[in-house]
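Working notes, beginning with the structure itself.
The values are calculated or read from the model by the stated rules, or taken from the named source; none is laboratory data. Nothing here was measured: the structure is a model prediction, and the numbers come from that model. FYI the Cβ positions are ideal-geometry reconstructions off the backbone, even for glycines, and counts take in every protein chain you see. Accessible surface areas use protein heavy atoms only, side chains included; no ligands, DNA or RNA. Shrake-Rupley method; radii C 1.70, N 1.55, O 1.52, S 1.80 Å.
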Amino acid sequence: MDTSHTTHTSNNMSTYIRFCKSKVFVHPTRNAQDNNAGFLLVTTETDQPLYESKVAWVPEATLSRKQLAFLNKLDLDPSGGKTASHKHSPEQAILQLSSFHIPLASLYSIQFRNPSPSGWWYGSIILNSKSRVETLPILFFHDDVCPSTLNKKKELNKNFDPFTTSGDVYWGGMDFKDCVSKLVDLQKTLVDSTVWLVNPTLDDLRNFSPQKNTNAKPNEAATATEGSEDTGFLPASFWSKLDSAKWTIMSQIAEKTNQTGNMITHLIKKHPIVKFVEQNNDNPYVRKMLQNPKVLEVQDDFDSARIYLAKWALGVKEEADKYQLDDSYRRLLINELKMEGEQDETTETNFDLGMDIQFSQQELNVAIERNFPLTRPKWDSFFDSQGRISITVAEIKDFIFHGGVDVNDLELKREVWLFLFNVYPWDSSKDERLQILESLQESYSNLKMVSMKASFGEDNSEEKEYWDDQIFRIEKDVKRNDRNVDIYQYNTTDGKQPLSEPTEPSEEGTDSEMDANNEHWTINNPHLLCLKDILVTYNSFNPNLGYVQGMTDLLSPIYYIIRDETLSFWCFVNFMEVMERNFLRDQSGIRDQMLTLTELCQLMLPKLSDHLKKCDSSNLFFCFRMLLVWFKREFIFQDVCSIWEIFMTNFYSSQFQLFFMLAMLQKNSQPIINNLTQFDQVLKYFNDLHDTMNWKDLMIRAELLFIKFKKIMAITERQMNNIPTRRKVVTSGLEVHQENEDESESTKQSMLPSDSKYLKLLLSKEPIRQREEPRTKHSIR
Amino acid sequence: MNSAVTSIKLVLLGEAAVGKSSIVLRFVSNDFSENKEPTIGAAFLTQRVNINDNTVKFEIWDTAGQERFASLAPMYYRNAQAALIVYDVTKPQSFIKARHWIKELHEQANKDMIIALVGNKVDVLENNEDERKVAREEGEKLAEEEGLLFFETSAKTGLNVTETFVAIGEKIPLKTAGDQETDSNGVAISDEQRIDLANSGNAAGQTAGCSC
């Protein structure tokens, strides 16, 4: 048989059929005689990335005998003819006969409806296009006549396993799902488990986010509904939303009726809403809603417009969220993050808030929902054919901020970090990145050479002593940095655990042998050597700052993720642009952050702030280490990576680490207020927090604290504008604050938070860069 | 333990990588680790020792060595009753740094502070006396001039480590059960008054006897 998978066209493009399923039917009328058999295909052009693959349906009737035979063969043996390449390949011709042939990425969602177990109806899929105009027929899988499906069923039965690996009963549509999920980011919605979203945005995912509590705690939900009136518990806004959706759907239906005749009548018999309700039938909220006549009415209008289920589900979700009064975590957060001063009338806040600040349900949802990490398929779906990111940077950062980069995919983290740490511009193409890489490699090797010269160079005594000293310091610190992390653990030339027993004396080995000459042992581990070379190069690259203890902590996670000397160096350089302020000789950068945090704490946690003052700790000195190396010593290594990548997004603020610190203060404020009375005790308490806190909980708190802070700032800004005279007083207050810290405390009483230069700066997403002064021979080392 | 415990707040100072953390680790856990991570800010550890039938509890602040962070040291040595100034006998630079620390403590710190000068890493000299760059006599002389205790130690072998702490403990006036309420800074806290953060719900009652 002289068929092949690929078709060569004049411009050397060739199409490859990667999936073929026979006996996939369209049912244009109620009458079974009108059913049209066809082939469901997934095609890829050989020089295009996988995610640009297309889906097509070709009716059998239009195909020639030869073409039919070709596709039937493909159905049974997807790899058949793959190697054969022939001039007369039928792919192009076949695809020209297709009813539709559209990119997978242009789909919004795919619904997989299982066949009835008793054979009453066929399994089917509904492809929902993103475009409102394009309407695709529902495709029915006639498994009973499809050879490949029958074969596979037989196979599965032989193994006494009618289920696929996912645990679902096998049918023809599953093969299609398996294929598609390898090509695009296909994610099951938890609102309706039959609906899978194609390359969903974070907002899509949030809209379809699981009603965890609804499903998990039906009994508690039941208690909560008691006493609510049949009609009273749904607010008017919900109905107007539903009404407007209905109107849109009606026009949609009109459109479809024009296009596809009576196809509509054959749309799903089992309505999505009914399904949704069935799945949640233990939820009294949903049950009650179903009984409402208005819902029943709207339901009828809904037939066919599946895509609007998303919007509808959003409405349901929002309403249901408000209903989640039993969600203890949510309640805990709301309670804890309330203004402390609000409940306590004796505590005077420093300004007149005159309002109570509340979180909207959406703000809470967004902060609490952290279950959608950036995964490989998702990341790949962001890029166009030139390797350029085709969505906004804000959207990507939203993903990273709220879900992080998949912790199990180191390769993906590496790719993303190169953007996060500004090595590659977000808007670069693949070719541009290659060019950047080349030039970075060249300049790094030059810099490295220069640094080696500097360290071995002239005998100029003092300068040479300085360099030698710095290199000694670097080497000493690298040798004792994160040595519990796998790649840094063993001092072997391949960095792996030595095979020989550690009793055998050798230069390479475990801790016990390499101290033959105390700290003068030689580094063999290639990763430790890279850390050292990077730091030595940086030491001369930024000679004013030089190497300072703590930098090893900053480099080590970067190198761990990037795993390449050159690229790690440039990530580190860009990271240090942000972190240089932490290492200045006069400590001004870290002091600014502590002052900012002090003001922030006074504003947001006034009770704790008062208590810390009593403990002689109002300078928040105990936060020093956490701020200096971004909580590197407080969390386990992997978590540090997750925390840093969130900070690096500058999603809300370029100083989000201060909100994370604030969250830590907030979370610990009760134990502190109840138990600690002295400076040393506070210092000790914060010194020993390693591995005691859940960073995700803190990140949620940090986000909510930021949102609250931003609202306070906006409100006080407005207040200030209403009282023009106030600005004068306040400005002088700021000056006093800068000149005389003792008086600033009393002056601040009349100060609005929106006047503080420190607090204002927290709203900025632009990183703050403070550079070290030129180094002289008298400079502190 | 019901008998009175004297708490001594002690701070370790000295150039980076001279072995401050290793001395503390030896004293607290009788252990040694070649690759102890560099200290950032400071670490806090405690250890009890019995000195002449009395229990002394050392509350140790182990500080970061690099000069860049020296400006933070007062946070740690204020209220301290004792200090260990550590240098590396194989690194003359670290001995110069030790002189600076002595000067600073004399000028800035508590006048009654008991200070010990400690030359660490003498184990390196076992095989090769040439490695010594700071003579024992030099250290002794400086200590004598400044009125300090003096020891040469090895955190690696454990030589003189506990001895150093015991010598400090012996010089600090011990408290009896009667005068438990201590100096105005309230540095000493008895066992009964110890804060228990793991059990913070009940802890309010426990701190009721605090001196402040």
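What's the total number of residues in the stretch B:20-79 that are without any contact (Cβ under 8 Å) to a residue 12 or more places away in the chain, under 17 Å from the mean Cα position of the chain (by Cα) and more than 10 Å from chain A (Cβ to nearest Cβ)?
Here the count works out to 3.
Tell me the residue from A:LEU627, A:LEU608, A:LEU595, A:LEU612 that is closer than 25 Å to B:TYR76 by Cβ, open to solvent by 20 Å² or more (accessible area, probe 1.4 Å) and assigned to a helix (DSSP H, G or I), please.
Numbers: A:LEU627 fails: open to solvent by 20 Å² or more (accessible area, probe 1.4 Å); A:LEU608 fails: open to solvent by 20 Å² or more (accessible area, probe 1.4 Å); A:LEU612 fails: open to solvent by 20 Å² or more (accessible area, probe 1.4 Å).
Only one candidate passes the filter, namely A:LEU595.
Among the listed residues A:SER618, A:SER556, identify the single one that is touching a Cys at 6+ places or on another chain (Cβ under 9 Å) and either of a type in the set (Lys, Arg) or more than 16 Å from A:PHE656 (Cβ to Cβ) (or both). Walk me through how you get there before you give the answer.
Values: A:SER556 fails: touching a Cys at 6+ places or on another chain (Cβ under 9 Å).
Sole residue among the options that is touching a Cys at 6+ places or on another chain (Cβ under 9 Å) and either of a type in the set (Lys, Arg) or more than 16 Å from A:PHE656 (Cβ to Cβ) (or both): A:SER618.
Kindly list, by first and then second residue, each pair from a residue in the stretch A:583-608 that is within 14 Å of chain B (Cβ to nearest Cβ) to a residue that is assigned to a helix (DSSP H, G or I) and among the basic types (Lys, Arg), limited to pairs with Cβ atoms under 7 Å and residues at least 6 apart or on different chains.
Listed pairs, sorted by first residue: A:PHE583/B:ARG68; A:ARG585/B:ARG68; A:GLY589/A:ARG581.
Can B:ARG48 be described as assigned to a strand (DSSP E or B), open to solvent by 30 Å² or more (accessible area, probe 1.4 Å) and more than 27 Å from A:LYS479 (Cβ to Cβ)?
yes
If a residue must be more than 10 Å from chain B (Cβ to nearest Cβ) and crowded, with 19+ Cβ neighbours inside 10 Å, how many such residues does the stretch A:680-699 contain?
4
Going through the stretch A:370-421 one residue at a time, which ones are part of a helix (DSSP H, G or I) and of a type in the set (A, V, I, L, M)? Quick ask: steps written out before the conclusion?
Taking the stretch A:370-421 as the starting set, the residues that turn out to be part of a helix (DSSP H, G or I) are A:376-381, A:393-403, A:410-420.
Passing the criteria: A:VAL393, A:ALA394, A:ILE396, A:ILE400, A:LEU410, A:LEU412, A:VAL416, A:LEU418, A:LEU420.
Condition first: touching a residue at least 12 places away in the same chain (Cβ under 8 Å) and either within 14 Å of another protein chain (Cβ to nearest Cβ) or on the phi > 0 side of the Ramachandran plot (or both). Can you find one or more residues in the stretch A:700-719 that meet it?
no
I need the full set of residues from the stretch B:88-139 which are part of a helix (DSSP H, G or I), over 28 Å from A:TRP521 (Cβ atoms) and open to solvent by less than 70 Å² (accessible area, probe 1.4 Å), in order please.
B:TRP101, B:ILE102, B:GLU104, B:LEU105
Evaluate the stretch A:428-440: report whether one residue or more is more than 29 Å from the chain's Cα centre (by Cα) and farther than 30 Å from A:LEU704 by Cα.
Quick first cut of the stretch A:428-440, residues more than 29 Å from the chain's Cα centre (by Cα) only: A:438-439.
Next, from what is left, pick out any that are farther than 30 Å from A:LEU704 by Cα: A:438-439.
The answer is yes; a qualifying residue exists.
Restricting attention to the stretch A:515-574, which residues are farther than 21 Å from A:GLN770 by Cβ and outside any helix (DSSP H, G or I)?
Across the stretch A:515-574, the qualifying residues are A:TRP521, A:THR522, A:ILE523, A:ASN524, A:ASN525, A:ARG563, A:ASP564.
For the stretch A:446-465, which residues satisfy the criterion of being open to solvent by less than 60 Å² (accessible area, probe 1.4 Å) and at pLDDT 85 or above?
Hits for the stretch A:446-465 are A:LEU447, A:LYS448, A:SER451.
Please tell me if A:LEU555 is open to solvent by less than 10 Å² (accessible area, probe 1.4 Å) and more than 25 Å from A:TRP417 (Cβ to Cβ).
Working: open to solvent by less than 10 Å² (accessible area, probe 1.4 Å): yes; more than 25 Å from A:TRP417 (Cβ to Cβ): no.
No; evaluated as a whole, the condition is false for this residue.
What residue, among those in the stretch A:640-674 that are β-branched (Val, Ile, Thr), within 23 Å of A:TYR758 (Cβ to Cβ) and in a helix (DSSP H, G or I), is nearest to the other protein chains (Cβ to nearest Cβ)? Reasoning before the result, please.
As a first pass, look at the stretch A:640-674 and keep what is β-branched (Val, Ile, Thr): A:640, A:643, A:646, A:649, A:672-673.
Restricting the remaining residues to those that are within 23 Å of A:TYR758 (Cβ to Cβ) gives A:643, A:646, A:649, A:672.
If we keep only those that are in a helix (DSSP H, G or I) too, we end up with A:643, A:646, A:672.
On the way: A:ILE643: 17, A:ILE646: 21, A:ILE672: 9 Å.
Only one residue tops the list, namely A:ILE672.
Quick one: how many residues across the stretch B:1-45 are part of a strand (DSSP E or B) and in contact with a helix residue (DSSP H, G or I) (Cβ under 9 Å, 6 or more places away or on another chain)?
Residues of the stretch B:1-45 part of a strand (DSSP E or B): B:5-14, B:42-45.
Of the ones still in play, those that are also in contact with a helix residue (DSSP H, G or I) (Cβ under 9 Å, 6 or more places away or on another chain) are B:5-6, B:8-14, B:42-45.
The number of residues fulfilling the criteria is 13.
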